[in-house]
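Worksheet: the structure to be examined is printed underneath.
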Amino acid sequence: MKIHEYQAKEFFSRYRIPVTREKVCYSVEEVLKTVEDFDFPIVVKAQVLVGGRGKAGGVKLARNVDEAREAAQKILGMNIKGYTVEKVLVAEGIKYISEFYVGLTIDRNSKSVIFMASSEGGVEIEEVAKENPDAIHKFVIDSDLGMSDFVARKIAYKLFSDPDQVKQATHIFQQLYQLFIDTDASLVEINPLVITDKGNLLALDGKMNFDDNALYRQSSVAVLNEPDEDEKKEIEAKKKGLSYIRLDGTIGCMVNGAGLAMATMDLIKYFGGQPANFLDIGGSSNPQKVVDAMKLLMSDKNVHVVMINIFGGITRCDDVARGLVTALNQLDVHIPVVVRLSGTNAKEGLEIIKQANLPVVNTMSEAAQEAMRLCVGCNQENKIKVKV
């Protein structure tokens with residue numbers, strides 16, 4: 001789960017991490033009213049749950065009221081990577097000398113929190129990692145000791161030489177770590193952390209992501225969730241007992257079991273295709289799950305063919321077959337469907353498929369290749385094509 005910059009900086013303020021004076025606005029009129037209480041220059045920033053706002057023109061400096069109005073008019077309503085800007089952050093303009101990057105995330109190799117720091121702030125950390133990886137200092141934080149004074153000072157001295165700035169940084173780093181732990185965050189970043197012209201450290205921008213699986217115990221975080229359309233589908237699928245993640249391909253997948261689902265996607269890739277999703281219907285023998293899964297797949301306009309791959313264990317193939325026939329009768333399925341059944345009650349499931357006058361394939365490889373074949377030009381026909 002992601003939150004906006006202004007929300008992340010509200011968390012920073014609660015943990016006594018210094019941030020700019022600012023206010024979120026939802027209209028041009030609100031921006032003009034807000035700037036009456038600010039000294040110019042001010043900065044108008046788009047608030048969307050995606051990076052690259054500056055490059056897209058979503059961050060503008062305004063030196064007077066007219067420029068503030070013009071910036072708000074241009075940014076509000078603009079599209080940034082598929083997100084419409086509905087609100088902006090008006091922040092005081094800050095004179096600064098240097099920019100830095102600091103952030104925390106989970107390092108799966110060390111199974112610990114890792115603190116990252118770089119003197120090359122103000123740009124995307126991925127670019128720094130690619131072009132100059134030595135510029136990023138990484139520190140594994142012992143979960144038992146946490147961010148001790150010694151570790152925080154050690155990190156601070158990697159970035160700063162002035163004793164006063166080291167002292168400020170030590171406090172910020174310790175509070176940032178505590179915020180990370182307290183909120184079950186998966187990522188916390190300050191980019192840039194700047195030295196102002198008065199020698200103070202200040203967080204000009206902030207970013208926080210959270211572990212979705214911990215939201216049940218983070219009510220103050222969960223209420224901030226603004227799911228996009230894909231995330232709404234994932235949430236709805238979870239309520240129906242399905243595990244669903246949308247991808248960018250054209251072959252929709254319906255599988256039982258996470259391991260088989262991954263193997264199915266790998267097989268599609270092996271034969272040159274692109275999976276459109278990860279969809280695990282789980283181990284329950286409930287035909288309604290197949291109907292719900294088909295509805296989910298049909299809602300994705302990028303899906304040109306559906307590949308169903310079932311290995312019956314707890315899941316019974318005859319129940320999947322009944323669910324498929326029901327789905328085909330209820331839904332407007334106008335794309336090809338490829339089905340492979342194996343395992344528990346596969347014979348009964350295949351008989352149901354045959355009674356529906358649908359032909360047969362025997363292996364995963366055959367199913368993947370057939371899905372690839374049917375996907376080519378499949379949008380040219382409205383007639384249902386099914387291979388089993």
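Go through Lys74/Lys138; Lys74/Lys240; Lys45/Lys240; Lys289/Lys347; Lys23/Lys167; Lys111/Lys238 and tell me which ones have a Cα-Cα distance over 32 Å in this structure.
Values: Lys74/Lys138 39 Å; Lys74/Lys240 41 Å; Lys45/Lys240 38 Å; Lys289/Lys347 20 Å; Lys23/Lys167 29 Å; Lys111/Lys238 27 Å.
Beyond 32 Å between Cα atoms: Lys74/Lys138; Lys74/Lys240; Lys45/Lys240.
Peptides 9-19, 313-323 ranked from most to least packed, by the mean per-residue count of other Cβ atoms within 10 Å: 313-323, 9-19. Relative to the longest principal axis of the Cα atoms of the chain, helix 163-182 runs at roughly 30 degrees.
Among Ile106, Gln47, Ile353, whose Cα sits farthest toward the positive end of the charge dipole of the chain (+1 at Cβ of Lys/Arg, -1 at Cβ of Asp/Glu, about the Cα centre)? Selected residue: Ile353.
Put the Cα centre of region 337-369 next to the Cα centre of region 233-258 and the gap is 21 Å. Against the chain, whose longest principal axis is taken from its Cα atoms, helix 5-14 shows a tilt of about 60°. Calculated mean residue ellipticity, 222 nm, the chain: -11000 deg cm²/dmol, from DSSP H runs (n ≥ 4) at -39500 (n - 2.57) each, averaged per residue and rounded to 500. Taking 0.36 nm per residue of sequence separation and removing the Cα-Cα distance, the Asn362/Ala263 pair yields an extension gain of 34.0 nm. Under a point-charge model restricted to the Cβ atoms of Lys and Arg (+1) and Asp and Glu (-1), what is the dipole moment magnitude of the chain relative to its Cα centre, in debye to the nearest 20? Computed charge dipole of the chain: roughly 860 debye. Using only side-chain charges placed at the Cβ, +1 for Lys and Arg and -1 for Asp and Glu, the dipole size of region 235-288 relative to its Cα centre rounds to 160 debye.
Tilt of helix 258-270 relative to the longest C-alpha principal axis of the chain, in degrees (0 to 90, nearest 10)? Here the helix axis deviates by roughly 90 degrees. For region 285-331 versus region 76-136, the spacing of their alpha-carbon centroids is 42 Å.
With the charge dipole of region 172-318 set up from +1 on Lys and Arg Cβ and -1 on Asp and Glu Cβ about the Cα centre, the Cα lying farthest toward the positive end among the listed residues Val223, Ile308, Ser243 is that of Ile308. Of all DSSP beta bridges confined to the chain, the antiparallel ones make up roughly 75%.
Relative contact order for the chain using alpha-carbon pairs under 8 Å, separation at least 6, rounded to a whole percent?
12 percent
Evaluated with a Cβ-only charge set (Lys, Arg +1; Asp, Glu -1), region 229-384 carries a dipole of roughly 180 debye about its Cα centre, given to the nearest 20. Projecting the Cα atoms of Asn286, Ser118, Gln178 onto the dipole axis of the chain, where Lys and Arg carry +1 and Asp and Glu carry -1 at the beta carbon, places Asn286 farthest toward the positive end.
Divided by 2.2 N^0.38 Å, where N counts the residues, the Cα radius of gyration of region 151-276 comes to 1.56. When only alpha carbons of region 21-93 are considered, Rg and Dmax amount to 11.0, 33 Å. Cross-link check: pairs Lys95/Lys207; Lys87/Lys269; Lys55/Lys130; Lys87/Lys154; Lys87/Lys232 evaluated at a Cα-Cα cut-off of 28 Å; pairs beyond the cut-off: Lys87/Lys269; Lys87/Lys154.
A short reminder: the numbers here are calculations on the coordinates, not readings from a lab. Keep in mind that what you see is a predicted model, and the values were worked out from it rather than measured. Cβ atoms come from the backbone with ideal geometry, glycine included; neighbour counts cover every protein chain shown.
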